[in-house]
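Encoded as structure tokens, the structure appears first; notes follow it.
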Amino acid sequence: MKTVVSGIRSTGNLHLGNYFGAVKNFVQMQNDNNCFFFIADWHSLTTHPTPEDLHINVKRVLAEYLACGIDPEKATVYVQSDVPEIPELYLLMNMNAYLGELERTTSFKDKARKQPENVNAGLLTYPVLMAADILIHKAHQVPVGKDQEQNLEMARKFARRFNNIYGEETFPIPQPYSYTGEFIKVPGLDGSGKMGKSEGNAICLVDDPKDIRKKVMKAVSDSGPTEMNQEKPEPIQNLFTLMDIVSTKDTYDFFNDKYNNCEIRYGDMKKQLAEDIINFTSPIRERILDIMQDDAYLHKVTKMGAEKARESAAKTVEEVRRLIGFRKF
Ligand code: TYM
């Protein structure tokens, strides 16, 4: 049986990118694997949430996870900050993580550019904390989207390094997992790049139908193709990628043919896309709203999850301490 670990930062509502990049894979994996799914609330501190926001953000993401079909009876569902073994492993891993390699990661460089007033050490060592999240349960597989490819590569590097220094077999080298066999990148609605929480281009699972229609109708497009079978420019390709994800093959083929014959009307395509997104998100949205009301359930899930996660994490930390040379007097 494989061990699977996946997480999500508690910095905003779950969007289609999170769902199709990571959560969907996880839901499929939870039946036959030893799965750990957590909310990365320590990671969210790099952007300084207020104390009032911190808890509600975690609650929202937790409810959204569960509404997507993550089953706490099958998977271990927990909040990162309930597992103090993770920061211990993070501290130990930091001793073999080097400034140069951390400074070179694209996510660090991106964040440093986006928030020059807050280039904190937590941002720099973000990949080390993520590696600790993964290695604490000795994960074999990690379902993540394309944007986490480099962070996962760092986790693999830190695992290999630890194994080389202290013992070849300590950590399995975690593999990325996606049901399509490739990292997925769900595009945003603003013409270029990925759908993201901080990009302001996301369709969230909890969005109501009115908002979804508004967002999709405003998505960037162009004046239409001028030649048959013309290659699609990025904003148009993005609309088709989204349609490929949420619509039926017939619908996709219909609009694709229209595009190739220069008969496409983007207004019609967007209307259809919006309705297909709404069909997909509506049942999830209803479950999110229900679960958000059920504090007793959320308490039960996180209590059970923390116990199971700590049991697994404590074993790893004990082994790592012993390998590094810590001894009791
Ligand atoms: P986060 O919270 O940004 O995103 C959670 C998951 O959603 C995926 N994702 C996407 N996939 C495809 N297309 C998109 N547009 C898109 N946007 C987001 C992400 O790749 C991710 O899998 N650092 C992580 C959280 C984390 C973690 C971990 C993940 C912390 N520790 C350990 C796995 C294992 C993050 O910020 O993801």
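The values are calculated or read from the model by the stated rules, or taken from the named source; none is laboratory data. Source: prediction; values computed, not measured. Cβ atoms come from the backbone with ideal geometry, glycine included; neighbour counts cover every protein chain shown. Quick note on the areas: whole protein, heavy atoms, side chains included, nothing else; ligands and nucleic acids left out. Shrake-Rupley method; radii C 1.70, N 1.55, O 1.52, S 1.80 Å.
Using Cα-Cα distances under 8 Å and only pairs 6 or more residues apart, what relative contact order does the chain have, in percent?
23
Sorted by packing (mean other beta-carbon atoms within 10 Å per residue), highest first, where do 220-228, 29-37 land?
Descending mean neighbour count gives 29-37, 220-228.
Looking at Asn57, Tyr179, Thr316, which one has the Cα that reaches farthest to the positive end of the dipole of the chain (charges on Cβ: Lys, Arg +1; Asp, Glu -1)?
It is Thr316.
What number comes out for accessible area per residue over the chain if the probe is 1.4 Å? Units Å², please.
49
Dipole of region 209-289, Cα-centred, from +1 at each Lys and Arg C-beta and -1 at each Asp and Glu C-beta, to the nearest 20 debye?
The calculated dipole for region 209-289 is roughly 560 debye.
Among the lysines, select those whose C-alpha is under 19 Å from the C-alpha of Lys114, and discard any that sit fewer than 8 residues away in the same chain.
Of all the lysines, those that pass the test against Lys114 - Cα under 19 Å, at least 8 places apart if same chain - are Lys194, Lys197.
Using a 1.4 Å probe on the protein chains only, how many percent of the accessible area of the chain belongs to carbon and sulfur?
Ligands and nucleic acids excluded, carbon and sulfur give 50 percent.
What does DSSP give for the chain in terms of the percent of beta bridges that are antiparallel, rounded to the nearest 5?
10
Between Gln230 and Glu169, what FRET efficiency comes out of the Förster formula 1/(1 + (r/R0)^6) with R0 = 56 Å and r the beta carbon distance, rounded to 0.05?
Result of the calculation: an efficiency of 0.55.
Please give, to one decimal in nm, the separation of the simple spin-label points placed at Gln150 and Asp190, each 7 Å out from Cα toward the Cβ.
Distance between the two pseudo-spin positions: 1.9 nm.
Arranged from highest to lowest average of other beta-carbon atoms within 10 Å per residue, in what order do the peptides 182-194, 40-52, 286-298 appear?
Ranking the peptides 182-194, 40-52, 286-298 by packing returns 182-194, 40-52, 286-298.
Please list the non-local residues whose amide H lies under 5 Å from the amide H of Cys35, H modeled 1.01 Å from N, same-chain partners needing a gap of 5 or more.
Hits under the 5 Å cutoff: Val4, Thr76.
Could you give the dipole magnitude of the chain about its Cα centre, charging the beta-carbon of Lys and Arg +1 and that of Asp and Glu -1, in debye to the nearest 20?
The dipole magnitude comes to about 740 debye.
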